[in-house]
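Coordinate-derived values only; no laboratory data. Please read these numbers as outputs of a predicted model, since none were measured by experiment. With ideal geometry, Cβ positions are generated from the backbone for all residues, glycine too; neighbour counts draw on all protein chains shown.
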Amino acid sequence: MPIRAVLWDIDDTLFDYTGADSAGLARRLAEEGIAQRYGSPAQALALWREITTRHWDRFAAGEVDFQEQRRDRVRDFLGEPGMSSAGADGWFDRYVEHYKAAWTLFPDVVPVLDALAGRYRHGVLSNSSEANQDPKLRRLGLRERFEVLVCAAELGVSKPEARAFLAACEALGLPPGDVAYVGDQPEIDARGARDAGLTAVWLDRDGARGPGPDGVHRIDGLARLPELLASDTRFGARSGIR
C-alpha cells in the first residue's frame with residue numbers, strides 16, 4: 001500500500017525552535033543583566049540546551065512532571081538549587097515571553113504542506129505537551145492542517161519508544177506501514193519511526209551530522225518530501241535524495 005498519511009515532529013522540523021530558543025534566552029539574560037556570566041551567547045545557549053536535554057530526559061523517564069523539569073532547568077542554569085518554585089516559574093515565564101516573540105516557521109513548511117494537501121492525511125507526534133504545542137501550532141497558523149496532535153506528556157510515553165509512534169498511527173486509524181514520519185532527530189525521530197514500522201524521514205537541514213541510521217530516508221529540505229513520498233522507497237536502505 002502507498003503512504004497515506006504523514007506524521008510530523010514540530011520543533012526544528014516545522015518550527016525554528018533553535019532560533020527562537022536562542023533569541024529568547026539572549027533577551028532574558030540581557031533583561032537580567034547577567035549575560036556576561038556565561039561568556040558568550042553561544043556558550044550560554046549551549047549550557048541551556050545541555051541542561052534542557054538532561055531534565056527533559058528525566059521528564060520522559062517519568063522521574064519528574066512537566067512543570068518541575070522546567071523549574072530544575074532554571075535552577076541549574078542560574079546555579080541556584082534552592083530557588084523557590086514560584087521564583088523558577090517566574091523566571092521561566094519571562095523567558096517564554098521572549099521565546100514566543102521569536103517564533104517562526106521554516107520557509108519551506110507552508111509550501112510543502114500546500115503541495116501535499118489532498119494527497120496525504122497529516123498529524124503530529126511531539127515529545128512535548130498538548131498544552132505547549134497546540135497553542136504554538138495555532139499561533140503559527142498550522143493547527144487546522146493536522147487531524148491529530150499526539151504528545152508525550154498526555155500519552156505517557158515518548159519517542160523513540162515504538163508505543164509513541166503506534167499511538168499516533170492509531171489516532172489516525174492507520175497501520176504504521178501506511179504512515180511516514182518526518183523529524184529532525186536521527187535517533188529519536190528517524191530510528192524510532194523506522195523501528196515502529198513507519199517510513200522514517202530524517203530532515204537534516206544542515207547536512208553536518210554524519211551518517212544516519214540504516215533504513216532511513218534523509219532529506220536536506222522539505223521541498224524533497226513530495227518526491228520521496230511518491231516514490232517506492234519505503235523498504236530500501238537510505239534514500240539517495242538530498
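Tabulated results
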| item | result |
| --- | --- |
| Rounded tilt (10° steps) of 162-172 against the dominant C-alpha axis of the chain | 70 degrees |
| Cβ-based net charge around L149, under 9 Å, with every Lys or Arg adding one and every Asp or Glu removing one | -2 |
| Label-point separation, S129 to A117 (7 Å along Cα→Cβ), nm | 3.2 nm |
| Full-extension gain in nm, D93 to R37, via 0.36 nm per residue minus C-alpha separation | 18.1 nm |
| Expected 222 nm ellipticity per residue - DSSP helices of 4 or more, -39500 (n - 2.57), all of the chain, to 500 | -13500 deg cm²/dmol |
| On Cα atoms only, tilt of 130-139 relative to the major axis of the chain in degrees | 80 degrees |
| Folded to 0 to 90 degrees: helix 41-60 orientation relative to the chain principal axis, Cα | 70 degrees |
| Alpha carbon convex hull of the chain, volume per residue in cubic angstrom | 119 Å³ |
| Fraction of the pair-distance distribution of the stretch 16-153 above 24 Å, Cα-Cα pairs, percent | 37 percent |
| Computed FRET value (nearest 0.05) for T52 with E170, which takes r as the C-beta separation and R₀ as 30 Å | 0.55 |
